[in-house]
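Enquirer: Quick one: the structure is below, questions incoming.
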Amino acid sequence: MEFKEAVKIALQSLWANKLRSALTLLGVVIGVAAVIAVVTFVNGINGYVAERVFRLGTDVFIVFKVSPAVTNVDHFLEGEKRKDLTLEDYEAVLEACKHCLYVGASLRNLNGHVKFGEQSIADTWVQGLTPSMGPIFDVDLESGRLFNQTDIDSRGPVAVVGADIVENLLPDRDPIGKEIRVDGWVYQVIGVGAKKGKTLGQSLDNYVMIPITAYLKQYGTHDNSIRISGKAAGVGASLEAAMDEARSILRARRHDLPGSPDSFDIETNASLLGIWSSLSGTFFVAMIGIAAISLVVGGIVIMNIMLVSVTERTREVGIRKAVGARRSDVLLQFLIESATMALVGGALGVLFGIGVAKGITAVIGMPSAIKLWAVAAGLIVSASVGVFFGVYPARRAARLDPIAALRFEM
């Protein structure tokens, strides 16, 4: 039997028993859809993390009181007992780091409340920054300017706001020069950040950036450990030299004993991305395991239906053998049919998985990225499931005795 004819027979069988075929392929559809959706989300979030969350470049390091990427509970609890990093620590690193192009400091409050007139917006990300954080964070402005050293020295009540602040509080007017209230304190808008959009249902434009000295004046120093960021003159040796300089001055200022661990955490873009990749990889493997169970169940259902099909077509097999069909011909026919069934389920699963991923992206903004290798892998795996679980029914059909098959009656 020709390959095309076997595929045609398989598709005709699927179409003739639509409900049975749909129920048969359900497990494969769900399994492949889960794989495609997970791969799409993992790749999308990895890309988002690399490009936007840790959009610092390979020549940037950050010093934390305790790293947000810590996964060890004991280390986290120990880190919480450390002394806060202060503005004086930042100034010491700024002076001592000869291999740094820029050194900056930052603070943040995720629950700010901003008001203009009678309009207000909540859950605003209030950031206290030094001017040098602009080139380190690659801050893009739509209009106006970022604050300067004069604003820092005078604790100037000036602010750079995100697009959400403008759209909700200052629509249809020039925001530059307007006065807003941030948690009750008055700030003059001197700049507007470029629009970034949203992800995971969370806006990236609901923020206010103010001078770090104004931030400390308003919110105080209690439980306000700053983050010190440095941008090296280059990668590799230059980055290591810059980190070593920052580490040496901070250890001396914080009286860390020789041979003892640092009383702070220092991370690079690469180390933060490595930790994230490890976490996302664990999630990916877990979800693939769950999807594999669904595929196995789908394969068992396909094998069961193929056994039913062999019983229903016993006389057909007998006639084919009587007119000269070999065992290998019958075996190949049923293998192609089971693989075709699974491949159709895989194709539907790919479409369903992509549809679900893009639908969730449209609703809550979760990043997603379709990879062709994932689509190809989904189709190959589904076809392989069909072949694997179709071997037993196909061998059973191939071993039928033609005389007994011709006498068989349903």
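The values are calculated or read from the model by the stated rules, or taken from the named source; none is laboratory data. Quick caveat, the model's predicted, so the values are computed rather than measured. Cβ atoms come from the backbone with ideal geometry, glycine included; neighbour counts cover every protein chain shown. Only protein heavy atoms, including side chains, enter the accessible area calculation; ligands, DNA and RNA are left aside. Shrake-Rupley method; radii C 1.70, N 1.55, O 1.52, S 1.80 Å.
Enquirer: Give me the accessible area per residue for the chain, probe 1.4 Å, as a whole number in Å².
Expert: Each residue of the chain exposes 51 Å² on average to a 1.4 Å probe.
Enquirer: Which of the pairs LYS195/LYS358; LYS115/LYS198; LYS18/LYS358; LYS178/LYS217; LYS65/LYS217 have their Cα atoms more than 25 Å apart in this structure?
Expert: Distance filter (> 25 Å) returns LYS18/LYS358.
Enquirer: If one computes the Cα centroid of the stretch 368-390 and of the stretch 105-125, what distance in Å separates the two points?
Expert: About 47 Å separates the Cα centre of the stretch 368-390 from the one of the stretch 105-125.
Enquirer: On to the next question. Ignoring any ligand, DNA or RNA, what whole percent of the accessible area of the chain comes from carbon and sulfur when the probe is 1.4 angstrom?
Expert: Of the solvent-accessible surface of the chain, carbon and sulfur hold 61 percent.
Enquirer: Might you report the magnitude of the Cβ-based charge dipole of the stretch 136-197 about its Cα centre, with Lys and Arg at +1 and Asp and Glu at -1, to the nearest 20 debye?
Expert: Here the stretch 136-197 has a charge dipole of around 80 debye.
Enquirer: With runs of 4+ DSSP H residues as the only contributors, calculate the mean residue ellipticity of the chain at 222 nm using -39,500 (n - 2.57) per run, divided by the residue total and rounded to the nearest 500.
Expert: On the way: 14 runs with 229 residues, N = 410.
Theoretical 222 nm ellipticity from helices: -18500 deg cm²/dmol.
Enquirer: Suppose every K and R has +1 on its Cβ and every D and E has -1 on its Cβ; what is the size of the dipole of the chain about the Cα centre, in Debye to the nearest 20?
Expert: On the way: 40 positive and 40 negative charges, 449 e Å.
Using Cβ point charges on Lys, Arg, Asp and Glu, the chain gives about 2160 debye.
Enquirer: While we're looking at this one, here's another question. Counting Lys and Arg as +1 and Asp and Glu as -1, each charge on the Cβ, what is the dipole of the stretch 240-380 about the Cα centre in debye, to the nearest 20? List each step's numbers first, then the result.
Expert: Numbers: 12 positive and 11 negative charges, 170 e Å.
Taking the Cα centre of the stretch 240-380 as origin, the dipole is about 820 debye.
Enquirer: Using packing as a proxy for protection, rank 179-189, 104-114 so that the peptide with the highest average count of other Cβ atoms within 10 Å comes first.
Expert: On the way: 179-189: 16.5, 104-114: 18.5.
Answer by packing, highest mean first, reads 104-114, 179-189.
Enquirer: Select from ILE290, GLN149, ALA357 the residue farthest towards the positive end of the dipole of the chain; place +1 on Cβ of Lys and Arg, -1 on Cβ of Asp and Glu, and compute about the Cα centre.
Expert: So the residue we want is ILE290.
Enquirer: Could you work out the local net charge near GLY191, counting Lys and Arg as +1, Asp and Glu as -1, over the other residues with Cβ closer than 13 Å to its Cβ? Don't skip to the answer; put the middle values down first.
Expert: Values: positive: ARG145, LYS178; negative: ASP140, GLU142, ASP151, ASP174.
Cβ neighbours under 13 Å give a net charge of -2.
Enquirer: Which FRET efficiency value, to the nearest 0.05, is calculated for THR150 and ILE380 with the Förster distance at 51 angstrom and r the Cβ-Cβ distance?
Expert: The formula returns an efficiency of 0.20 here.
Enquirer: Can I ask one more? How big is the C-alpha Rg of the chain next to the rule-of-thumb value 2.2 N^0.38 Å, as a ratio? Show your work: numbers first, answer last.
Expert: Details: Rg = 31.5 Å, N = 410, 2.2 N^0.38 = 21.6 Å.
It is 1.46.
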